[in-house]
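**Student:** Take this structure, written in structure tokens, and hold onto it; I'll ask about it next.
The values are calculated or read from the model by the stated rules, or taken from the named source; none is laboratory data. These figures come from a predicted structure and were not determined experimentally. Backbone-built Cβ (ideal geometry, glycine too); neighbour counts: all protein chains shown. For the accessible areas, the whole protein counts, side chains as well, though only heavy atoms, and no ligand, DNA or RNA atoms are used. Shrake-Rupley method; radii C 1.70, N 1.55, O 1.52, S 1.80 Å.
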Amino acid sequence: MNIFDIMGPIMVGPSSSHTAGAARMGFVARKLLGFQPAKADIALHGSFAATGAGHGTDRAIVAGLLGMAPDDPDIPRSLQLARDAGMEVSIHTVDLRDAHPNTAVMTLTGTRGRTVVVSASSLGGGRIRVNAIDGMAAAFSGDLPTLIIRNEDKPGIVSEVSSCLARRGANIAAMQLYRDRRGGLSVMVIECDDPVSGEILEDINLLGGVVRCIYLNLEEG
């Protein structure tokens, strides 16, 4: 057990789940979009919806979308900072079926219209889980360097991606596969022991059938 599992994370705010975890959720969603969003629609479920305003969940998620860490002293001012940055923010509640009580669905839009929809939950102690990306199931924390690969569902592509990693000496810690339907679109979530090089990302993006490859490494900021 890590000492931070007992003491909790270094943070600004009263709750590791409602503030520290929420800030990390926003930060991960920003990374999945690829840049700071121009527009953010944030739907809060369960406990987030009931007590989030008092715990600063709304401000924490927006702070993460602005690129702030959970211990950033400007988190309480994040809504104003978002307005100053030209980010349009909408926050409302939603009732999700069979969802963790600390769940938010973040629909982010970039200046050129690129969008991503991220469902994530705060599990306590600042830990989070991404549940879905653009409606497709996922289950990862971001604790390890992670590849999120959207690809066509066809034979051989998983082997090709694995070979790209093996050739460059990258070791897979965990792999998850999801698809919307047979022959449709799939998502590979690959967690690696060590940071993934730019060469690996280039190799994967050049593979036939790969639609988009996102690299998430929170240690790199």
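**Student:** Are there any pairs with C-beta distances below 7 angstrom linking a residue in segment 182-203 that is free of Cβ contacts under 8 Å to residues at least 40 places away in the same chain to a residue that is surrounded by 13 or more Cβ atoms within 10 Å (Cβ to Cβ) and assigned to a helix (DSSP H, G or I), with the two at least 6 apart or on different chains, and if so which?
**Tutor:** Ile200/Cys164; Ile200/Leu165; Asp203/Cys164
**Student:** Related question: Inside segment 86-120, can you point out the residues that are free of Cβ contacts under 8 Å to residues at least 40 places away in the same chain, at negative phi and not β-branched (Val, Ile, Thr)?
**Tutor:** Arg97, Arg112, Ser119
**Student:** Right, here's the next one. Determine which single condition Asp193 fails, assuming it passes every other condition in (1) open to solvent by 50 Å² or more (accessible area, probe 1.4 Å); (2) under 30 Å from Asp98 (Cβ atoms); (3) not polar (S, T, N, Q).
**Tutor:** (2)
**Student:** Among the candidates Gly46, Gly54, single out the residue that is small (Gly, Ala, Ser) and open to solvent by 40 Å² or more (accessible area, probe 1.4 Å).
**Tutor:** Only one candidate passes the filter, namely Gly54.
**Student:** Another question, then. For the list (1) open to solvent by less than 70 Å² (accessible area, probe 1.4 Å); (2) at pLDDT 95 or above, I need the number of the one condition that Glu160 fails.
**Tutor:** With respect to (1) open to solvent by less than 70 Å² (accessible area, probe 1.4 Å); (2) at pLDDT 95 or above, Glu160 is out only on (1).
**Student:** Here is a list of conditions, (1) over 13 Å from the mean Cα position of the chain (by Cα); (2) farther than 19 Å from Arg24 by Cβ, and Glu191 meets all of them except one; can you say which number that is?
**Tutor:** The single condition Glu191 does not satisfy is (2).
**Student:** Sort through Ile190, Ile204, Ile200 and tell me the only one that's of a type in the set (Val, Ile, Thr), touching a Lys or Arg at 6+ places or on another chain (Cβ under 7 Å) and at pLDDT 90 or above.
**Tutor:** Only one candidate qualifies: Ile200.
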